[in-house]
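Just passing along the structure, written as structure tokens.
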Amino acid sequence: MCGIAAVYGSHPNGETDRMLGRLVHRGPDDAGEVRVDGAWLGHRRLSIVDVDGGHQPFANAAGDVWLVGNGEVYNHEQVRATLAPGPFATRSDNEVALHLLDERGPEALNELEGMFAFLVAGEDGRFIAARDAVGIKPLYWAQQDGQVRFASEMAAFAPGWMPDVEAFPPGCHWTPGGGLERYASAVPQTGDGAPAARAVWSDAPEPPEEALDATRDIVVASVRRQMMGDVPVGVFLSGGLDSAIVAAVAARHLAQHGERLQTFAVGTTGSADLLAARVVARHLGTEHRERVYDSHEAVRALPEVVRAIEHFDPSLVRSAVPNFLLAEMTAQHVKVVLTGEGADELFAGYEYLRGFDSAESLQGELMRTVHGLHNLNLQRCDRVTMAHGLEARVPFLDRQVIAFAFGLPMAWKLSAPGELEKRLLRRAFSGWLPDEILWREKAEFGDGSGAKDVLRNTVEDGVSQADFERGRDAIDPPLRTREEFAYHRIFAEHLPGVRPERTLGRFATA
């Protein structure tokens with residue numbers, strides 16, 4: 001996990017140091033840069049795979065093509081085996097990506113399974129920018145007068161460039177000759193827009209045992225893949241079902257190797273999420289730590305959190321504050337954590353989805369939410385952890401899990417009145433967790449952790465209705481509440497000129 005930056009088209013004097021300087025928190029362990037035929041690549045490193053030998057930028061064997069990367073390639077060993085014999089300088093998964101792109105070009109990106117953003121430059125003038133299909137790892141870009149700049153966070157761009165900053169689209173690559181091209185989609189689709197490669201299941205109203213087994217197997221395999229690395233991996237326990245499932249799988253995996261899982265939870269004293277996380281930790285026998293905070297800490301952290309997540313959506317900010325405090329503590333113990341992000345989007349876990357009464361409409365909404373994760377929940381997940389030099393991984397958003405989940409009959413994900421959501425996922429992991437967790441009703445993180453009311457009330461007290469009415473039209477669509485107005489004010493001061501419609505997503509309600 002790292003921070004990356006690049007300039008294509010010329011070398012901006014004095015600005016490259018600033019770009020990397022604004023990304024130090026993403027990679028506190030090491031730094032590197034290279035100038036290559038009209039391009040510059042810069043890198044800040046958090047050492048996880050090949051801790052001693054993974055310095056970037058990486059160079060190919062001839063020393064004329066270079067890469068900086070942010071993220072992880074989980075199938076790097078399998079991809080390495082398909083490449084032409086040749087010298088590898090390190091065991092790093094990102095170096096495998098360099099050799100793949102050098103040998104086969106950007107068309108080969110779809111062979112990589114993981115979360116990543118890559119920037120490649122060659123002495124022959126080639127340049128490639130690419131981002132993973134789901135958009136788990138961030139990448140932004142901006143163009144002015146034939147020069148193109150890239151960075152992991154918006155704050156890395158010079159003030160004069162901020163009005164032109166855009167989110168680099170997931171599943172795409174850019175080259176100077178070919179422009180922006182899509183190589184993959186978060187949800188594999190057919191020509192008519194429907195999910196591709198649907199599995200053939202029975203028409204039974206409830207999933208048969210083989211479907212439950214297959215669901216469990218695909219999730220277990222993903223968690224195990226994402227335990228890779230040369231440093232300890234922990235789990236964020238939110239108190240909900242999804243992170244508990246991830247922890248249960250990770251704990252069993254480590255136990256097979258004689259190791260004990262570390263788990264981490266956050267909340268106010270006596271909050272529901274904190275209490276539920278304790279139940280899970282005791283059941284799994286993890287080495288468990290808690291970050292207990294009060295209202296004063298939450299409010300005090302708020303400006304720094306808004307700046308860190310580069311966002312102002314109220315739901316996102318409320319959940320980011322406790323996670324930011326949790327990540328700060330967790331980074332003292334591990335460098336990598338797994339989270340439960342994505343399960344709600346795949347298995348219809350949100351309360352509002354109860355309003356969908358047909359499989360077709362539910363499918364469309366779930367596809368929309370998965371495609372929108374990159375500039376909402378995944379942006380928060382990346383920023384609150386990387387603010388403290390901590391890598392977050394999201395096993396439910398492995399592309400194999402996504403493809404499998406969308407291959408299941410949507411009717412199995414519909415929730416009738418009075419029924420708990422995600423019944424399929426709950427049943428698939430029956431026996432892995434205590435029933436009080438397995439069948440616990442969902443609480444939005446930020447509500448169950450105790451943050452929601454504290455933040456909303458305090459923040460709104462600082463914004464008069466008159467100020468809100470005067471300033472709410474500063475962006476389009478307008479700001480919706482005094483709380484959102486307050487968060488946007490911090491955002492705009494930190495990133496002056498950045499246009500939210502080009503860079504951010506917003507939830508339907510504030």
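The values are calculated or read from the model by the stated rules, or taken from the named source; none is laboratory data. None of the values given here were measured: they were computed from a predicted structure. We place every Cβ from the backbone using ideal geometry, glycine too, and count neighbours over all the protein chains shown. Protein only, heavy atoms only, side chains kept; ligands, DNA and RNA dropped before computing areas. Shrake-Rupley method; radii C 1.70, N 1.55, O 1.52, S 1.80 Å.
Which residues, taken from segment 1-29, are at pLDDT 95 or above and under 19 Å from Arg393 (Cα atoms)?
Ile4
Say whether the condition of being in contact with a His (Cβ under 9 Å, 6 or more places away or on another chain), charged (D, E, K, R), modelled with pLDDT under 95 and at negative phi is met by at least one residue in segment 93-102.
Yes, segment 93-102 contains a residue that is in contact with a His (Cβ under 9 Å, 6 or more places away or on another chain), charged (D, E, K, R), modelled with pLDDT under 95 and at negative phi.
Can you run down the residue pairs with Cβ atoms below 8 Å, 6 or more apart or on separate chains, where the first is in segment 398-414 and farther than 10 Å from Ile218 by Cβ and the partner is at pLDDT below 95 and acidic (Asp, Glu)?
Pro409/Asp203; Met410/Glu360; Trp412/Glu206; Leu414/Asp357
A further question on this structure: Answer with yes or no whether Ala184 is more than 24 Å from Pro500 (Cβ to Cβ) and in contact (Cβ under 8 Å) with a residue 12 or more places away in the chain.
Spelling it out, Ala184 is indeed more than 24 Å from Pro500 (Cβ to Cβ) and in contact (Cβ under 8 Å) with a residue 12 or more places away in the chain.
State which residue pairs qualify: first residue free of Cβ contacts under 8 Å to residues at least 40 places away in the same chain and inside segment 93-111, second residue of a type in the set (Gly, Ala, Ser) and crowded, with 21+ Cβ neighbours inside 10 Å in any location, beta carbons under 7 Å apart, and separation of 6 or more residues or different chains.
So the pair list comes out as Ala97/Gly69.
What do you reckon, is Ser202 open to solvent by 20 Å² or more (accessible area, probe 1.4 Å), small (Gly, Ala, Ser) and at pLDDT below 90? Give the steps one after another, and end with the answer.
Numbers: open to solvent by 20 Å² or more (accessible area, probe 1.4 Å): yes; small (Gly, Ala, Ser): yes; at pLDDT below 90: yes.
Yes; evaluated as a whole, the condition is true for this residue.
Another one. Mind checking whether some residue in segment 372-382 is farther than 23 Å from Arg502 by Cβ, of a type outside the set (S, T, N, Q) and open to solvent by less than 20 Å² (accessible area, probe 1.4 Å)?
No, there is no match, as no residue in segment 372-382 is farther than 23 Å from Arg502 by Cβ, of a type outside the set (S, T, N, Q) and open to solvent by less than 20 Å² (accessible area, probe 1.4 Å).
So, one more: Could you give me the residue pairs with C-beta distances under 7 Å whose first residue belongs to segment 383-396 and is at positive phi, whose second residue is modelled with pLDDT of 95 or more wherever it lies, and which are 6+ apart or on separate chains?
Pairs found: Gly389/Ala331.
Among the helices (runs of 4 or more DSSP H) lying completely within segment 395-498, list those that include at least 1 residues that are of a type in the set (S, T, N, Q) and open to solvent by 20 Å² or more (accessible area, probe 1.4 Å).
399-407, 452-461, 465-471
Any chance segment 132-143 includes a residue that's over 22 Å from the mean Cα position of the chain (by Cα) and open to solvent by 20 Å² or more (accessible area, probe 1.4 Å)?
yes
Pick from Val134, Val233: which is farther than 30 Å from Ser415 by Cα and among the β-branched types (Val, Ile, Thr)?
Values: Val134 fails: farther than 30 Å from Ser415 by Cα.
Within the list Val134, Val233, the selection yields Val233.
Please indicate, with yes or no, whether at least one residue in segment 83-103 is β-branched (Val, Ile, Thr) and in a helix (DSSP H, G or I).
Yes - at least one qualifying residue is present in segment 83-103.
Moving on to the next point. Any residue in segment 225-248 that is more than 19 Å from the chain's Cα centre (by Cα) and assigned to a helix (DSSP H, G or I)?
yes
When segment 326-355 is examined, which residues are found to be surrounded by fewer than 20 Cβ atoms within 10 Å (Cβ to Cβ), modelled with pLDDT of 95 or more and among the charged types (D, E, K, R)?
Matches in segment 326-355: Glu328 only.
If we scan segment 167-175, do we find a residue that is at pLDDT 95 or above, over 25 Å from the mean Cα position of the chain (by Cα) and either open to solvent by less than 50 Å² (accessible area, probe 1.4 Å) or at negative phi (or both)?
Looking through segment 167-175, none of the residues is at pLDDT 95 or above, over 25 Å from the mean Cα position of the chain (by Cα) and either open to solvent by less than 50 Å² (accessible area, probe 1.4 Å) or at negative phi (or both).
Read through the list (1) surrounded by fewer than 23 Cβ atoms within 10 Å (Cβ to Cβ); (2) modelled with pLDDT under 95; (3) in a helix (DSSP H, G or I), then give the number of the only condition that Gly270 fails.
Failed condition: (3).
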